[in-house]
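Here the structure is laid out as structure tokens; the discussion comes afterwards.
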Amino acid sequence: MKLHGSLAAVAAAVTTFFEVAQAHCYIYSVYVNGVDSGTFSGIRTPAYNGPPPYGFANGPVKDLDSIDLRCNVMGDRQVPHTIQVTPGDNLTMEWHHDARTSTDDIIASSHHGPAMVYISPDPPTENSFVKIWEEGKFAQGEGPRAPGKWATTADIAGNGGKMNVRIPKGLKAGFYLIRAEMVGLHEAEVSYKKNPIRGAQFYPNCIQIEVLGDGDVSLPEGVSFPGAYKWDDPGIIYDVYCSTKTTTTAPCTTTYQVPGPTVWSGAWPDTPSVELGAMTGVTKVTSWNTWISKSVVTSASAGKVLGTSTYQAQWSSTYHAPTPTA
Ligand SMILES: *[C@@H]1O[C@H](CO)[C@@H](O)[C@H](O)[C@H]1NC(C)=O
């Protein structure tokens, strides 16, 4: 009985091992006016962290009703550092796939889709996420079934993983979360709800910021995560490989509507790419002996599974200062 139990656990771990091998992308660092805050500083890094030697290996969130859509897995857990900003500051988020290096591919080249940035007071409340930037499809592809040019693959990946946003003018001082997101539409011609092995892939990532200064602008009502995206949203069920030039008789949509609300009128219309100073911090994640996949926490040592437990997000309704590390 005992032996069977542990064999089952090992089998489960092997399944996880293969799943995490398809690592995707998350934010490695945030620059404030071109100054690097340091690798993983202030970022609630998603913890789809895999068994050694992979370390963090975040898979996509695909269930629109899951709490993980808010700030990814373990997005409810504070990190020690909070990035201080003032209204008007230019932030550059640096996304990567495997490592914080110039040769990293940022996001798999097939993962065409939109990218969005939201801001919410920390902790989020009902309808507190306000969209401050978005980018979808910006050019139609040439020829049959050409995917076109997209925010994730052509812009962000084409610019070394850099995603720019600016802290809204006059924003009231306080603690906020920036929720930045990349979406892969390469399997989005059908919803995850209808076919769980396909569907749009979401890569949300949250950053802890403290806005300083004497601003008097409050955020308007926004949206909730989960809740903001619906299973039949035209921006969530979308065939990126469809094109007007296919020979099929089925009409294709060539325009693309980014999911979620419109960008808040108080957000900056331009998000400049500022000159960046030297990067600071490690280039790779350290591998952990504990990882989370599909809400199961697995602990291992020397290749042996020690135990599993269930992960459940626990969002506080009040702000608590994070515990600093030495
Ligand atoms: C942000 O970028 C804009 C446009 O380049 C610039 O005018 C502004 O001074 C920058 N903000 C800060 C705080 O450097």
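The values are calculated or read from the model by the stated rules, or taken from the named source; none is laboratory data. Remember, predicted model here, so these are calculated numbers, not experimental data. FYI the Cβ positions are ideal-geometry reconstructions off the backbone, even for glycines, and counts take in every protein chain you see. Just the protein is used for accessible areas: all its heavy atoms, side chains included, with ligands, DNA and RNA removed. Shrake-Rupley method; radii C 1.70, N 1.55, O 1.52, S 1.80 Å.
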Tell me whether segment 75-88 contains one or more residues that are crowded, with 18+ Cβ neighbours inside 10 Å, more than 16 Å from the chain's Cα centre (by Cα), modelled with pLDDT of 95 or more and not hydrophobic (A, V, I, L, M, F, W, C).
yes
The conditions are (1) at pLDDT 95 or above; (2) more than 16 Å from the ligand (Cβ to nearest atom); (3) of a type in the set (Gly, Ala, Ser); (4) surrounded by 14 or more Cβ atoms within 10 Å (Cβ to Cβ), and residue 278 fails exactly one of them. Which is it?
(4)
Which residue is farthest from residue 152 (Cα to Cα), if the candidates are limited to segment 164-195 and must be open to solvent by 10 Å² or more (accessible area, probe 1.4 Å) and not in a loop (DSSP other than H, G, I, E, B)?
174
Answer from 134, 126 - the residue that is modelled with pLDDT of 95 or more, under 16 Å from the mean Cα position of the chain (by Cα) and among the acidic types (Asp, Glu)
134
Residue in segment 147-180 that is nearest to the ligand (Cβ to nearest atom), counting only those that are in contact with a Gly (Cβ under 9 Å, 6 or more places away or on another chain) and among the charged types (D, E, K, R):
166
Is there a residue being open to solvent by less than 30 Å² (accessible area, probe 1.4 Å), within 16 Å of the ligand (Cβ to nearest atom) and touching a strand residue (DSSP E or B) at 6+ places or on another chain (Cβ under 6 Å) anywhere in segment 111-123?
yes
Near pairs, Cβ below 7 angstrom, 6+ apart or cross-chain, from segment 157-176 (at positive phi) to any residue that is open to solvent by less than 50 Å² (accessible area, probe 1.4 Å) and within 16 Å of the ligand (Cβ to nearest atom):
170/87; 170/215; 174/211
Here's a check for you: in segment 61-74, which residue that is in contact with a Lys or Arg (Cβ under 8 Å, 6 or more places away or on another chain), open to solvent by less than 10 Å² (accessible area, probe 1.4 Å) and among the hydrophobic types (A, V, I, L, M, F, W, C) is nearest to the ligand (Cβ to nearest atom)?
71
Which ones in segment 97-146 are among the aromatic types (Phe, Trp, Tyr) and free of Cβ contacts under 8 Å to residues at least 40 places away in the same chain?
138
Is it the case, given these coordinates, that residue 258 is within 16 Å of the ligand (Cβ to nearest atom) and within 26 Å of residue 28 (Cα to Cα)?
no
